[in-house]
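Written out below as structure tokens is the structure these notes cover.
The values are calculated or read from the model by the stated rules, or taken from the named source; none is laboratory data. Here the structure is a predicted model, which is why all the values come from computation and not from measurement. We place every Cβ from the backbone using ideal geometry, glycine too, and count neighbours over all the protein chains shown.
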Amino acid sequence: MIVGIDLGTTNSAIGVWRDGEAQLIPNSLGQFLTPSAVGIADDGTVLVGMAARERQSTHPNDTATAFKRYMGSQKQTRLGQREFLPEELSALVLRALKADAEAFLGEPVTEAVIAVPAYFNDKQRKATRRAGELAGFKVERLINEPTAAALAYGIGERGDEVRFLVFDLGGGTFDVSVLELFDGVVEVRASAGDNRLGGEDFNDLLVDMLRRRFEAKWGEAGRDDAALHQRLRAAAERGRRELSEKPSATLSVVWKGQAYEHEVTAEALEMAAEGLLSRLRDPVLRSLRDSDLRIGALDEIVLVGGATRMPMVRRAVTRMFGRFPAASINVDEAIARGAAVQAGLKARDAALNEVVLTDVCPYSLGVDVGEHGPNGQIRTGLFSPVIERNTTIPASRVESFRTLRAGQRQIEFGVYQGEARWVAENVKLGDIVIPIPARPAGEIEVKCRFTYDINGLLEVDVEVPLTGERRQLVIVDEDNTDEADVATRRAELAQLKVHPRDEASNRAAMARAGRCYEDFIGERRDYVARLIGQFESVLDRQDPRSAILARSELLAALDQLEGESFL
Amino acid sequence: MSGLSIWEVLGQPPTDDQRAIKRAYAQQLKRTHPEDDAAGFQLLRQAYERATSIAAHAAARAHAAEPAQESHPEPQAEVVEACAPEKDPHEAHWRICGRLEQLLAMEHVDPAAMTAALEAVLQTESMENLEIFADTEVGLARVLLHFAPRGDLLLPRAIEHFGWYDQEDRWDLSPEIRGVLSRERALAVMTRLSDRRHQHHVGYMTLCAGPLETMGFWRRLRLGRRHRPVAAFLNFAVGQAPGVLHMLDQDVVEAWDRRIARREKTRQARTTFWVFGAFLAVVLLMARW
Ligand SMILES: Nc1ncnc2c1ncn2[C@@H]1O[C@H](COP(=O)(O)OP(=O)(O)OP(=O)(O)O)[C@@H](O)[C@H]1O
Ligand SMILES: [Mg+2]
């Protein structure tokens with residue numbers, strides 16, 4: 001059975017295609033969304049999900065969140081005794097999801113379709129693929145998130161020639177895709193996006209507001225305090241969600257035994273967010289331009305991603321398109337559902353027999369070239385696209401290049417991905433060198449063929465027609481991580497003890513109570529302490545039934561105190 | 001290539017009907033699935049894209065062949081009546097854009113009015129709409145270039161508003177916007193060149209002074225000897241500010257280019273003469289000894 005996974009910045013989810021429909025799989029807490037958070041408990045075991053998220057402000061140095069933002073980089077995060085790469089932290093999340101799926105389906109699960117932001121570049125995609133392998137999956141396919149959302153949305157939609165735009169603003173990434181459905185074909189016409197724009201950035205605005213407000217009181221010490229920073233982030237998240245419902249909210253943090261409160265209005269947040277909101281425009285424009293569609297030709301605007309719940313984002317969308325967006329799908333489950341549909345497609349499920357999906361490569365792929373500058377000198381490092389962005393894949397394209405210098409004995413092509421005019425600002429994927437006979441400048445022609453397959457694997461062939469000389473480059477992995485390395489790292493991660501699944505609910509409840517203890521002062525803090533004491537004494541009795549009862553009482557009491565907990 | 005025509009690949013007799021092309025493509029797609037047959041899919045895709053663009057051209061041609069409605073106000077009124085009499089919600093925006101264009105087209109330049117007109121364009125409510133925004137962005141770039149230099153004082157504001165500098169490093173930036181950016185850059189360099197302290201000030205001002213032939217005798221004598229600063233300036237401009245060269249009087253630049261080349265030649269001839277003379281002298285002296 002192939003599973004479909006949404007590995008989000010903030011939350012992750014897993015689903016399967018079963019009995020002719022996409023089904024989401026609940027985690028051990030009974031929820032469909034699992035926070036993308038990893039922590040190390042005091043006993044050295046690994047915590048994933050809600051328990052880890054709740055411990056973030058009480059154990060800032062033992063918790064990691066939002067690591068998807070660094071996917072594909074070598075940024076190390078220290079947790080307990082070990083340093084982790086973003087892909088390793090993601091692997092731990094994936095492993096927890098895998099365990100949930102196995103418990104739910106009652107069989108081992110080894111194959112997965114993982115959703116990635118459409119605008120992830122090659123490095124980020126490869127890192128995601130490795131994360132899947134580190135978690136023990138065979139990654140059958142990476143699917144673009146908005147494409148997945150469209151599948152979830154469009155499969156039910158049997159209209160004739162429907163065109164729509166998916167606007168996906170999640171916790172950390174922003175994607176836009178324009179799609180067309182006709183006669184069982186789901187065709188992505190164009191994708192664009194911003195890899196670093198999402199709910200987290202709006203939180204940062206609120207954190208900055210709080211810091212400015214209390215700068216004088218917190219001083220130097222406040223600036224570097226990790227626990228304070230996490231508490232500010234949590235307060236910002238809570239406050240921002242409140243502002244989705246109400247015109248104003250009070251952000252409160254407790255630090256060193258003192259409470260700090262600051263009231264923010266939705267209007268003030270919107271003013272501060274003007275810069276972020278204006279960054280929504282460019283990808284939308286680009287996706288429309290690339291798909292050669294006018295707004296009027298779109299049948300629907302589909303919103304996906306938790307951050308589209310913010311009224312200011314909805315208003316911005318309405319203004320941009322001159323109409324109201326459709327809100328008919330569940331914004332934070334759509335991607336996992338769509339990934340599950342892709343899993344069904346991949347398995348050639350009979351119910352999906354008539355559906356064919358085609359996607360595009362959202363980035364241009366090309367080589368570096370030189371040209372004669374205005375002064376007659378040669379400028380190098382210019383980007384020349386071979387496969388232009390938003391070409392339907394699999395695709396294969398050829399471009400010819402000529403020598404610039406007389407007597408040149410070889411040509412070296414750097415292979416790049418991106419849209420910048422100068423290759424230095426694009427992502428380098430590899431190098432390929434081919435010998436040529438010495439001739440006057442411009443006399444030797446070299447043909448460069450790019451082949452981009454359905455899994456996003458790029459193959460570059462260069463040929464000198466005059467001599468018949470050929471060279472080939474398969475861009476597997478430019479970070480040089482080979483099979484063996486992945487295997488050892490997988491073994492290392494497997495060594496890490498994971499907190500038992502059946503204790504996860506109690507663990508998460510305790511973590512939340514622990515955080516609440518620190519989030520309040522005075523009477524309410526004493527109250528939380530009493531709740532914790534009661535709960536611990538029930539747990540000590542080792543009676544699962546009364547533990548369940550006590551847990552729900554504890555959670556209800558905490559809900560009363562701070563409002564419902566959120567994912 | 002397989003040697004099949006695009007229509008054979010699509011399994012569809014030639015047609016301009018987009019819907020029929022789509023249907024044929026969808027049908028073939030299920031046979032040449034992109035997952036199983038990459039080469040077959042690419043062939044099909046190519047055929048599909050070609051067929052679609054042929055059909056689009058045919059549609060455009062057919063549209064053009066229809067009586068041009070815009071040049072005949074009367075029949076258009078009828079057409080509007082026939083359809084629902086819907087008012088363009090962005091009409092006001094385009095009117096405001098038109099006002100700016102009128103100001104730019106006028107002989108007399110009124111900076112305050114132009115700045116205000118640009119500001120009015122940027123602030124209309126319609127600019128929140130993506131399509132209006134995109135059309136206005138490119139349209140404005142085109143108009144500013146078209147009416148240059150009259151619109152030059154508006155360039156910085158337009159560049160800032162649309163963030164054109166941020167997009168400058170993209171290979172697909174529209175030529176109009178690229179034109180605006182290079183003009184703005186050239187203007188900035190020219191401002192610096194007008195400063196006496198700039199090392200190429202003299203050369204630049206000499207070129208700005210116009211053709212030597214039209215000058216009075218004394219002035220011509222004074223400016224006519226500035227070969228060296230002009231040559232240095234031209235060298236600098238070609239390498240680092242090609243935009244500036246385009247904005248100078250091309251005849252003047254060419255005339256100076258020729259003067260400099262001529263002088264270079266005479267200088268070379270002179271050097272050759274002296275070297276040769278010295279050589280001859282040495283030879284003669286040696287022969288004497
Ligand atoms: N009611 C709400 N009001 C405001 N923001 C919300 C609300 N609900 C969720 N969010 C925001 O949505 C974001 C999470 O959305 P989502 O789960 O779609 O992202 P993700 O899939 O984890 O991230 P990504 O897709 O960017 O990798 C968070 O930043 C959260 O603050
Ligand atoms: Mg997401």
Single residue of A:107, A:133 found to be closer than 25 Å to residue A:21 by Cβ, out of contact with any His (no Cβ under 9 Å at 6 or more places or on another chain) and either more than 16 Å from ligand 2 (Cβ to nearest atom) or not aliphatic (A, V, I, L, M) (or both): A:107
Residue list for region B:27-39, filter: at pLDDT 90 or above and within 17 Å of residue A:360 (Cα to Cα): B:29, B:33, B:34, B:37, B:38, B:39
Residue in region A:34-57 that is surrounded by the most Cβ atoms within 10 Å (Cβ to Cβ), counting only those that are at pLDDT 95 or above and within 12 Å of ligand 1 (Cβ to nearest atom): A:36
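The rows are residues; the columns are (1) within 16 Å of ligand 2 (Cβ to nearest atom); (2) farther than 30 Å from residue A:296 by Cβ.
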{"residue": "A:199", "(1), (2)": "yes, yes"}
{"residue": "A:206", "(1), (2)": "no, yes"}
{"residue": "A:264", "(1), (2)": "no, yes"}
{"residue": "A:273", "(1), (2)": "no, no"}
Residue in region A:336-358 that is of a type in the set (D, E, K, R), within 16 Å of ligand 2 (Cβ to nearest atom) and within 28 Å of the chain's Cα centre (by Cα) present: yes
Hits in region A:403-422 (condition: assigned to a loop (DSSP other than H, G, I, E, B) and either more than 14 Å from chain B (Cβ to nearest Cβ) or surrounded by fewer than 16 Cβ atoms within 10 Å (Cβ to Cβ) (or both)): A:403, A:404, A:405, A:406, A:407, A:408, A:409
Count - residues of region A:19-32 that are within 16 Å of ligand 1 (Cβ to nearest atom) and either over 20 Å from residue A:501 (Cα atoms) or part of a strand (DSSP E or B) (or both): 1
Complete set of residues in region B:8-45 that are crowded, with 16+ Cβ neighbours inside 10 Å and under 39 Å from the mean Cα position of the chain (by Cα): B:15, B:21, B:22, B:25, B:41, B:42, B:43, B:44, B:45
Residue check for residue B:228: away from chain A (no Cβ under 14 Å), part of a helix (DSSP H, G or I) and under 21 Å from residue B:266 (Cα atoms): yes
Set A:239, A:296: member being without any contact (Cβ under 8 Å) to a residue 40 or more places away in the chain, assigned by TED's automatic domain parsing to the domain that holds residue A:10 and away from ligand 2 (no atom under 16 Å from the Cβ): A:296
Subset tally (residues that are surrounded by fewer than 16 Cβ atoms within 10 Å (Cβ to Cβ) and more than 10 Å from chain A (Cβ to nearest Cβ)) for region B:153-172: 5
Residue count, region A:423-450 (criterion: more than 27 Å from the chain's Cα centre (by Cα), within 14 Å of chain B (Cβ to nearest Cβ) and closer than 18 Å to residue A:122 by Cα): 1
Among the residues listed as A:432, A:393, the single one being within 20 Å of residue A:362 (Cβ to Cβ), surrounded by 16 or more Cβ atoms within 10 Å (Cβ to Cβ) and among the hydrophobic types (A, V, I, L, M, F, W, C): A:393
Test: residue in region A:9-18 that is crowded, with 22+ Cβ neighbours inside 10 Å, away from ligand 1 (no atom under 13 Å from the Cβ), within 14 Å of chain B (Cβ to nearest Cβ) and β-branched (Val, Ile, Thr): no
Looking only at region A:373-384, and only at residues there that are at negative phi and part of a strand (DSSP E or B), the one that is farthest from the other protein chains (Cβ to nearest Cβ): A:380
Those residues of region A:498-534 which are among the small types (Gly, Ala, Ser) and in a helix (DSSP H, G or I), in sequence order: A:504, A:505, A:508, A:509, A:511, A:513, A:514, A:529, A:533
Residues of region A:385-402 satisfying the condition of being more than 8 Å from every other protein chain (Cβ to nearest Cβ) and touching a strand residue (DSSP E or B) at 6+ places or on another chain (Cβ under 7 Å): A:386, A:387, A:389, A:390, A:391, A:397, A:398, A:399, A:400, A:401, A:402
Residue match in region A:319-331 (condition: crowded, with 23+ Cβ neighbours inside 10 Å, of a type in the set (Ser, Thr, Tyr) and either at positive phi or more than 16 Å from ligand 2 (Cβ to nearest atom) (or both)): no
